[in-house]
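Please treat every number below as a calculation from the coordinates, not as lab data. Note that the structure is a prediction, hence the values are computed from the model and not measured. Backbone-built Cβ (ideal geometry, glycine too); neighbour counts: all protein chains shown.
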Amino acid sequence: MEQPIELKLDFTDCPNCHSTRRLAEEATKFMKKKGWALEDFTYYTHIIQGTPTDKRVFSKIPIGSSIPIIWAGMDICLDCGTVYAVRVASSKAQLTIGTPGKLPPDFKTSEN
Ligand SMILES: [Zn+2]
């Protein structure tokens, strides 16, 4: 049976100007230098996540089916202001009774 795609991609520089300086990342470096964040801590200006659901047919998906979950950690370029995805990931979750669109607890999005 076909399964949702699982991937994790990192983008190291701005797609507009190729700078590697980013707002959240620079702020996080300060926190690490002060000892107020651990070395493996990652922070994003915002996170986008969800599962692609077509509400017209979602109720027809059997409970227990694997459904895709998508995730993107965003940051802002300090040299040109472009907002872009630093990390994108896709995983799968078992459909249960409840609200879809949340990442499973063991879904890792940082290097830790
Ligand atoms: Zn830039």
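In the range 17-80, what chymotrypsin sites (Phe, Trp or Tyr not before Pro) fall in a loop by DSSP, with at most 11 other Cβ atoms inside 10 Å?
Passing both the DSSP loop test and the Cβ count: Trp36.
For each of Glu2, Glu25, count neighbouring Cβ atoms within 10 Å of the residue's Cβ, then give the residues from fewest to most.
Fewest-to-most Cβ neighbours within 10 Å comes out as Glu2, Glu25.
Between the helical axis of 23-33 and the dominant principal axis of the chain, each derived from Cα atoms, what acute angle in degrees is found, rounded to the nearest 10?
Helix 23-33 sits roughly 70 degrees off the main axis of the chain.
Which loop trypsin sites (Lys or Arg not before Pro) in the range 26-95, with loop taken from DSSP, have no more than 14 other Cβ atoms within 10 angstrom of their Cβ?
Answer by residue number: Lys34, Lys55, Arg56.
At a temperature of 25 °C and a viscosity of 0.890 mPa s, determine how fast the chain diffuses translationally according to Stokes-Einstein, using the Kirkwood radius over alpha-carbon pairs as Rh; express D in µm²/s, rounded to the nearest whole number.
Rounded, D is 155 µm²/s.
Report, in deg cm²/dmol and to the nearest 500, the calculated mean residue ellipticity at 222 nm for the chain, where each DSSP H run with n ≥ 4 adds -39500 (n - 2.57) and the sum is divided by the residue count.
-3000 deg cm²/dmol
Suppose every K and R has +1 on its Cβ and every D and E has -1 on its Cβ; what is the size of the dipole of the range 7-94 about the Cα centre, in Debye to the nearest 20?
Computed about the Cα centre, the dipole is about 340 debye.
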